[in-house]
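First comes the structure, then the notes that go with it.
Here, each number is a calculation from the coordinates, and none is a lab measurement. Please read these numbers as outputs of a predicted model, since none were measured by experiment. Every residue, glycine among them, receives a Cβ derived from its backbone with ideal geometry; neighbour counts consider all protein chains shown.
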Amino acid sequence: MKNHSKNIACIIFLYLVTLVTGSAENISEENKIKTIISSYEQALNSANTEKIEGLFSKDGVLVLQGSPASVGIDDIKAFYNSLFKTLNFNLKFNIKEVVYMSPDWAFVKTTTSGTVKLLASNFKNKGDGHEFFILKKQNGDWKIDQYSGSSSKNSVI
């Protein structure tokens with residue numbers, strides 16, 4: 001009976017170690033994922049197409065309200081080059097949820113608040129919106145694979 005109790009105690013201990021280790025790994029991955037979103041925010045606000053390009057997977061997809069889908073890194077890069085000629089962003093991405101689905105896939109739900117300025121007239125309007133990012137790991141790094149965003153009711157974007 002003592003050996004049986006010791007075996008059960010060992011099994012429980014190993015299970016708990018696995019939970020803690022897995023949980024620590026998930027927290028580490030979640031932090032890496034949050035860093036990608038923060039980097040995207042910084043790149044968007046500084047109109048840095050090159051930095052944005054580095055955040056997307058090569059076959060990424062960008063779908064924003066009122067715009068045709070951009071598929072692949074070349075289309076995404078062209079979209080942002082064009083966008084930054086007409087608009088300037090001052091947005092804050094608020095992460096609402098990060099779901100680490102597997103070692104290679106995760107999704108992030110965000111809301112944005114801030115302003116968007118039309119460069120031709122310096123007109124500023126609310127830039128509030130809702131976004132959904134699907135990230136995948138490529139060569140050990142998290143990349144934005146799918147990104148969809150829409151503006152809130154009274155927003156210019």
Checklist entry - Cα centroid distance between region 104-135 and region 35-73, in Å? => result 11 Å
Checklist entry - Does region 58-112 come out rounded, prolate or oblate, given a ≥ b ≥ c as the square roots of the eigenvalues of its C-alpha gyration tensor, rounded meaning a/c under 1.5 and, failing that, prolate meaning a/b above b/c? => result oblate
Checklist entry - In whole Hz, what ³J(HN,Hα) sequence does region 123-132 give by Karplus (6.51, -1.76, 1.60; θ = phi - 60°), x for Gly and Pro? => result 6, 10, 9, 4, x, 6, x, 10, 9, 9
Checklist entry - Taking the Cα-to-Cβ direction at E97 and at Q65 and moving 7 Å from each Cα, how far apart do the two end points lie in nm? => result 1.9 nm
Checklist outcome for this item: Here, F107 and A78, labelled 7 Å along Cα→Cβ, have an inter-label distance in nm of 2.9 nm
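Given the Cα-Cα distance of I27 and E50 and 0.36 nm per residue of separation, how much length would full extension add, in nm?
5.4 nm
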Checklist entry - What is the distance, in nm, between label points placed 7 Å from the Cα along the Cα-to-Cβ direction at N122 and at S152? => result 2.7 nm
Next on the checklist: Quick one: 3J(HN,Hα) in Hz for region 47-64, Karplus 6.51/-1.76/1.60 with θ = phi - 60°, rounded, Gly and Pro as x.
Outcome noted: 6, 9, 4, 4, 5, 4, 4, x, 8, 8, 5, 4, 10, x, 10, 10, 10, 10
Item to check | Equivalent ellipsoid dimensions for region 30-157 as semi-axes, Å, which come from the Cα gyration tensor, largest first | outcome: 24, 16, 12
